[in-house]
Amino acid sequence: MTVLPEDGAETRPTILAVDDTPDNLTLLHGLLKDRYRVKVANGGSVALRIANSTPAPDLILLDVMMPEMDGYEVCRRLKADPATRDIPVVFLTAKSDVEDERYGLDLGAVDYITKPISPPIVLSRVRNHLRLKDAADFLKDKTVYLEAEVRRRTRSLRAIQDAVIMALASLAETRDNETGNHIRRTQNYVRRLAEELKQHPDFAAQLDDETVRLLYKSAPLHDIGKVGIPDAILLKPDRLTADEFEVMKRHAQLGCDAIETALQDLEEGDRAFLQHACDIAATHHEKWNGSGYPRGLAGEAIPLSGRLMALADVYDALISKRIYKPAFPHEEAVRLISEGSGSHFDPRIVAVFMAIEQDFRVIAQQFAD
């Protein structure tokens, strides 16, 4: 049975008293009704149903010795249900053995009051546990709020990162003959390579989901340094001379230098995003055998981000039309990259590329010029 509250009592904390003896329920109701909204249940099944109702009880006073379903079983079910597990349970029982008390507390009860009950003790314990629940609810709500705020700010930061990248990449596009789709293709190549490379034991520790995301976001800045190359060279409609090519090669270091300027003003924990962009800009023309530029790095001295971008950039250059060459078919690009394994490219990355080369074809078609 359930006792309805008096008018105006709905804002009070709700206490559920559970006992199979009517006299005990009457006693508890009379003791608590002036301070709390009181619901009563004469058995375990009824108690579980009321506990799952709205509003849920703020505290449950639970008899242990009841027919059909004893208080221990009721408590066990309450604590197993996510909807009721946080409701404090106080056992009221004539069982005063220490082992009985330990067992009840182990089930998740917050207190253990022996019968016959002392009204002042019951009122004091109820008041104290309701205060503790209020504090726990406040902290829980605060935690939920803070977690939501962190998610909101993280989304905002990522949106800012995306806007900065695309603004800078668009700036580079205005001075280059290459299209914006080159940027989209290469960043998707890089992501696909990194996703597959995560399974490789040599790279699993470096390539978590967040790192793959940052590589994808940073890849569009690989040629940002071209804004510093004179138009006469950058836009030349013929092959570059040896001297002109030396000037063109400067774009890798120019891009890294520009990004490093921004990095100097960031805290250590905020540097990952632009550090990947800096590494990609500086090292995507380095070669595995040390014959690349601008630093002549070799092997694993080349950052992984640069090694990934090197393969992605070369593949896209091969399948794209240039003033000095026609667009190569996908199969020819795959063959040339395979031949560059161990000289131009990290052989492990080439092996992964060969396993997913059809994915590159799909990306190229999806973002075709």
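The values are calculated or read from the model by the stated rules, or taken from the named source; none is laboratory data. Note that this is a predicted model, so its numbers are computed, not measured. Cβ placement follows ideal geometry from the backbone for every residue including glycine, while neighbour counts extend to all protein chains displayed. The accessibility values were calculated without ligands, DNA or RNA, using every heavy atom of the protein model including side chains. Shrake-Rupley method; radii C 1.70, N 1.55, O 1.52, S 1.80 Å.
Identify, from the list Thr174, Thr179, the residue that is modelled with pLDDT under 90, exposed (fewer than 10 other Cβ atoms within 10 Å of the Cβ) and within 25 Å of Lys325 (Cα to Cα).
Details: Thr179 fails: exposed (fewer than 10 other Cβ atoms within 10 Å of the Cβ).
When all the criteria are applied, what remains is Thr174.
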Quiz item: How many residues does segment 91-112 hold that are buried (at least 16 other Cβ atoms within 10 Å of the Cβ), free of Cβ contacts under 8 Å to residues at least 40 places away in the same chain and within 19 Å of Asp23 (Cβ to Cβ)?
Solution: 3
Quiz item: Yes or no: Ala277 over 24 Å from Glu339 (Cα atoms) and in contact (Cβ under 8 Å) with a residue 60 or more places away in the chain?
Solution: yes
Quiz item: Assuming Thr241 fulfils every condition listed in (1) hydroxyl-bearing (Ser, Thr, Tyr); (2) open to solvent by less than 40 Å² (accessible area, probe 1.4 Å); (3) more than 16 Å from Ile363 (Cβ to Cβ) apart from one, which condition is it?
Solution: (2)
Exercise. May I ask you to list pairs of residues, at least six apart or on different chains, whose Cβ atoms are under 7 Å apart, with the first in segment 293-304 being charged (D, E, K, R) and the second being outside any helix (DSSP H, G or I)?
Key: Arg295/Glu286
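Is it fair to say Ser53 is hydroxyl-bearing (Ser, Thr, Tyr) and open to solvent by less than 50 Å² (accessible area, probe 1.4 Å)?
Working: hydroxyl-bearing (Ser, Thr, Tyr): yes; open to solvent by less than 50 Å² (accessible area, probe 1.4 Å): yes.
Yes; evaluated as a whole, the condition is true for this residue.
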Practice problem: Scan segment 257-276 and give yes if some residue there is in contact with a Cys (Cβ under 6 Å, 6 or more places away or on another chain), over 22 Å from His344 (Cα atoms), outside any loop (DSSP other than H, G, I, E, B) and not aromatic (Phe, Trp, Tyr), otherwise no. | Solution: yes
Practice problem: Could you tell me which of the residues Lys133, Lys140 is over 30 Å from Pro220 (Cβ atoms), assigned to a helix (DSSP H, G or I) and touching a residue at least 60 places away in the same chain (Cβ under 8 Å)? | Solution: Lys133
Exercise. Any chance you could count how many residues in segment 192-235 are touching a residue at least 24 places away in the same chain (Cβ under 8 Å) and basic (Lys, Arg)?
Key: 3
Self-check item: Residue among Leu197, Leu168 that is modelled with pLDDT of 90 or more, at negative phi and not charged (D, E, K, R)
Solution: Leu197
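Report, by residue number, each residue of segment 190-210 that is of a type in the set (Asp, Glu) and within 16 Å of Met309 (Cα to Cα).
The initial filter retains those residues of segment 190-210 that are of a type in the set (Asp, Glu), namely 195-196, 202, 208-210.
Once the filter is applied, which keeps residues that are of a type in the set (Asp, Glu) and within 16 Å of Met309 (Cα to Cα), segment 190-210 yields Glu195, Glu196.
Would you check if Thr261 is open to solvent by 20 Å² or more (accessible area, probe 1.4 Å) and polar (S, T, N, Q)?
Criteria met by Thr261.
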Quiz item: Ile87 is checked against (1) part of a loop (DSSP other than H, G, I, E, B); (2) touching a strand residue (DSSP E or B) at 6+ places or on another chain (Cβ under 7 Å); (3) closer than 15 Å to His129 by Cβ; (4) open to solvent by 50 Å² or more (accessible area, probe 1.4 Å) and fails just one. What number does that condition carry?
Solution: (4)
Exercise. Within segment 272-323, count every residue that is open to solvent by less than 20 Å² (accessible area, probe 1.4 Å), over 24 Å from Ala368 (Cα atoms) and not small (Gly, Ala, Ser).
Key: 5
Quiz prompt | Residue that is surrounded by the fewest Cβ atoms within 10 Å (Cβ to Cβ) [pool: residues in segment 63-84 that are of a type in the set (Asp, Glu) and outside any helix (DSSP H, G or I)] | solution = Glu68
Self-check item: In segment 205-250, the residues that are in a loop (DSSP other than H, G, I, E, B) and farther than 20 Å from Tyr189 by Cβ
Solution: Ala205, Ile229, Pro230, Leu235, Lys236, Pro237, Asp238, Arg239, Leu240, Thr241, Lys249
